[in-house]
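Have a look at the structure below before the remarks.
Rule-based calculations on the coordinates, nothing more; no lab input. Note that the structure is a prediction, hence the values are computed from the model and not measured. So basically every Cβ, Gly included, is an ideal-geometry build from the backbone, and we count neighbours across all protein chains shown.
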Amino acid sequence: MSFEIIAIGVVLAYLIGSLPSAVWLGQAYYGIDVRDFGSGNAGATNTFRVLGTKAGILVMAIDIFKGLTAVTLATVWMQLGFISESQIVLFKLVFGISAVVGHIFPIYVGFKGGKGVATLLGMVLGINPLVAAICIAVFMIVLLLTKYVSLGSILGTLTFPVMLMITDIEPNDSILVMFGFTFFVVVIFTHKKNVHRILNGTENKANFPAKKNS
């Protein structure tokens with residue numbers, strides 16, 4: 001295993017994750033930077049709020065695809081002989097995390113991005129589609145019941161390590177459980193303002209379909 005080859009994979013995954021879909025879409029088709037409106041984040045949730053449903057769905061799909069693509073790099077690296085099959089889960093995590101970091105701190109637009117939840121979802125899809133589907137279901141149920149996107153994101157993230165702990169879905173679950181709880185803490189941190197507003201009863205509730213900013 002070559003350190004240089006692994007470093008190239010990490011950098012590629014970061015650059016993929018850094019692609020600022022919300023910013024570029026807003027600037028190209030709406031003439032605005034979504035970070036100047038709403039929550040100030042360059043993510044799917046704020047895109048729904050600022051640009052509307054169609055733009056929000058497109059940005060979410062792209063951001064999920066970024067995480068999935070980064071994880072797929074690990075499979076490509078294995079097929080090229082750069083890493084062994086026993087290392088595949090570890091490097092799916094490494095490359096996936098690099099993409100999420102890229103989404104939160106995108107090099108292309110001044111390191112001011114989104115909160116990384118959609119890209120994290122794409123990463124989980126690439127690692128374990130079944131658990132990812134359960135996480136999505138939890139997110140949707142929480143969203144429908146509370147209309148809090150942030151709370152749905154937090155509980156959906158927590159679902160990943162919890163499901164791995166109470167089921168036998170993934171044989172390499174120890175490192176994934178550690179990752180899951182670690183990223184749950186990260187999501188709590190990136191949503192700390194939302195958590196504070198939820199506790200105070202001042203968090204904005206989702207109202208989809210959103211109206212396009214004119």
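This ranking places D33, D63 by how few other beta-carbon atoms lie within 10 Å of each, fewest first, which gives D33, D63. Going from the fewest other Cβ atoms within 10 Å to the most, the residues M165, M60, M78 appear in the order M165, M78, M60. Checking the Cα-Cα distances for K66/K193; K147/K193; K54/K192; K54/K92; K92/K192; K92/K112 against a 21 Å cut-off, the pairs over it are K66/K193; K54/K192; K54/K92; K92/K192; K92/K112. Remark: the L199-E85 segment gains 36.5 nm on full extension, using 0.36 nm per residue and subtracting the alpha carbon distance.
To the nearest ten degrees, helix 53-79 and the longest principal axis of the Cα atoms of the chain are 10 degrees apart. Each of E4, E203 was scored by other Cβ atoms within 10 Å of its Cβ. Arranged with the fewest first, they read E4, E203. Go ahead and run the numbers for FRET between K147 and K112, Cβ-Cβ distance against an R0 of 41 Å, rounding to 0.05. Efficiency at R0 = 41 Å is approximately 0.95. Each of S86, T47, I97 was scored by the projection of its Cα onto the charge dipole of the stretch 1-111, and the greatest displacement toward the positive side belongs to T47; charges sit on the C-beta of Lys, Arg, Asp and Glu.
Summing charges over all other residues whose Cβ lies under 15 Å from the Cβ of G67, with Lys and Arg as +1 and Asp and Glu as -1, gives +2. Other residues with beta-carbon under 10 Å from the beta-carbon of N204 carry, at +1 per Lys or Arg and -1 per Asp or Glu, a net charge of +3.
Remark: spin-label model distance I175-F189 equals 2.2 nm, labels positioned 7 Å along the Cα→Cβ axis.
Just checking the listed ones, I16, I136, I198: in the Gaussian network model of the chain with Cα springs under 10 Å, the one fluctuating most is I198. Placing +1 on the Cβ of every Lys and Arg and -1 on the Cβ of every Asp and Glu, with nothing else charged, gives the chain a dipole about its Cα centre of roughly 980 debye.
Considering only A118, A133, A22, the mean-square fluctuation computed in a Gaussian network model of the chain, springs between alpha carbons under 10 angstrom, is largest for A133. Residue by residue, the stretch 81-93 carries 3J(HN,Hα) couplings of x, 6, 9, 8, 4, 5, 9, 4, 5, 4, 7, 4, 5 Hz when phi is fed to the Karplus relation 6.51 cos²θ - 1.76 cosθ + 1.60 (θ = phi - 60°); x denotes Gly or Pro.
Shape call for the chain from the C-alpha gyration tensor, a ≥ b ≥ c root eigenvalues: rounded (a/c under 1.5), prolate (a/b greater than b/c) or oblate? It is oblate, given that a/c is not under 1.5 and a/b is not larger than b/c.
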